[in-house]
Amino acid sequence: MELRIDRQALVPVVQQVVDSLVRWLRCGNVAPGTRLPPVRQIARINLLSQACVVEACERLVVKGLLVARRGTAFFVASPQANQLEDFSWDEGAEGKQLGQRDPWGLGCGGLPESWRETDDLAFAIRQVSRTDMASLFNYSTPLGLPALRQQIIKRLIRLEIQAQEHEVMTTSGASQALDLIVRTLFMPGDSVVVESPGYCVLFDLLRLHRITMIEIPRNPNGPDIAALEAVLLKQRPRALFINSFHQNPTGSSLGRLVAKRLFQLANAYGVLVIEDDVYADLHTGPGVRLAALDAKRNVVYVGSYSKTLSSSLRVGFVVAPAEVISRLVSVKMISSKGASPFAESVLACLLASGAYGKLVQRQRQRLNGARRLVLQMLDDADWEVFGKPSGGLFVWARSRKQDRAQIRAHAQRCGIQLSSSTAFSPSDETTDWLRINVAYACDQQARRFFQATSPDRPQAF
Ligand SMILES: Cc1ncc(COP(=O)(O)O)c(C=O)c1O
């Protein structure tokens, strides 16, 4: 049994063994009662110590996925279905087909667990649980933990965004921020402008609230300004949603000139701008946020720590004029009684100590290296790339040689999960373009897939 162990990863090896075994169990054709290969053999094949394999198996016994007999003989527990059917949900990635092995998430939207860092986070969690009893047990204040909001303001200053403490509200991820904005500031039947391709969960949210979407094309340097101007003139939408930097799914970022022109247009037509900047910390180059240009305070700015620190902590925030924040806060308290003070306290601790800043610096470096390799690989395999992103998680690309059906067949053979071919279009149009997550694309499995898509270029890779 070959496990997927990355020795450069910051995730402890035991945890990686646990994750690999769970993947193996999820493949669907492992019958309850099946005996795992002997611990000695798993350890030898994967260059691990036996103690490490035993510890991983014992953790799975605790989870009810394995049973131990006669010391170190491990068997698949039954029934498995209840424990395994709640697969992780990934926006914008294709659904798994019945019986398919747990595929490699080339098209998924977040960092792999092996890229996440645990030490600083574990330290902050211990620190908060020892020293901050209130955050362990109490509800949060409506705007969110003051210490965290102060840290967020410091971060905003680096992006040249001016905000007072009462103009910042924490949320449970950017998802809650978008949800509160949509249901508080808009009514069913309102029209808003969205980018195409764009963030698929936003489209679902707008559909849920019966808000009409008017789509404009996303170019490599931001929304298509001519299309925007035509829409503003003719259809008089109430707002524009934009994912400014390292956009999901294209990886592209807002150019300075486009930002200025867009901002002028929004002001001229009285359109509210919702700027979603969840990939901000993965960006270092030049660029201006719409919220930084906002003298009249006509921009609602959304951020998150899901993409860098942890998607599980669920910490995001909104920056907006005080009167907008006060409306959002009321709905936040009615619908959720506030965000998690514990998660906010852990994050505030990491921001204050500087550990978060160093973590994102390491992530950016690692992503930059991976992106260079991926762009080379795509070039070798004769894929077209949208705007060659300089940062962030995504590259948007399509094969010049093979059609959608051929690409999907290769993906299935190589055990690769691709992004959806319709989800990033507000009107569900099918596309050949794929969202490629660079953190997944350097793996052997992904290389094999790209290689298979360029059969006439054997020199590649
Ligand atoms: C553009 C965009 N906005 C918002 C979100 C939601 O982020 P969070 O996990 O903070 O809710 C995502 C997550 O993929 C995203 O890509």
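The values are calculated or read from the model by the stated rules, or taken from the named source; none is laboratory data. Remember, it's a predicted structure, so these values are computed and weren't measured experimentally. For neighbour counting, all protein chains shown are included, and Cβ atoms are generated from backbone atoms with ideal geometry for every residue, glycine included.
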Self-check item: Qualifying residues in segment 275-296 (those that are in a helix (DSSP H, G or I) and among the hydrophobic types (A, V, I, L, M, F, W, C)) - the one surrounded by the fewest Cβ atoms within 10 Å (Cβ to Cβ)
Solution: 292
Practice problem: Please enumerate the residues belonging to segment 301-324 that are hydrophobic (A, V, I, L, M, F, W, C) and surrounded by fewer than 24 Cβ atoms within 10 Å (Cβ to Cβ). | Solution: 313, 322, 324
Quiz item: Only one residue in 197, 188, 146 is within 30 Å of residue 442 (Cα to Cα) and not basic (Lys, Arg), so which one is that?
Solution: 197
Quiz item: What is the number of the single condition among (1) among the aliphatic types (A, V, I, L, M); (2) within 13 Å of the ligand (Cβ to nearest atom); (3) surrounded by fewer than 23 Cβ atoms within 10 Å (Cβ to Cβ) that residue 329 does not meet?
Solution: (2)
Quiz item: Pairs, please: C-beta under 8 Å, at least 6 apart or cross-chain, first residue assigned by TED's automatic domain parsing to the domain that holds residue 155 and in segment 309-321, second of a type in the set (Phe, Trp, Tyr) and at pLDDT 95 or above?
Solution: 309/356; 313/305; 315/305; 316/305; 318/301; 319/301; 320/301
Quiz item: Can you name every residue in segment 2-20 that is over 24 Å from the mean Cα position of the chain (by Cα) and surrounded by 12 or more Cβ atoms within 10 Å (Cβ to Cβ)?
Solution: 3, 14
Practice problem: Name every residue in segment 230-253 that is in a loop (DSSP other than H, G, I, E, B) and within 13 Å of the ligand (Cβ to nearest atom), in order of residue number. | Solution: 244, 245, 246, 247, 248, 249, 250, 251, 252, 253
Quiz item: Does segment 126-138 include one or more residues that are of a type in the set (Val, Ile, Thr), in a helix (DSSP H, G or I) and farther than 30 Å from residue 15 by Cα?
Solution: no
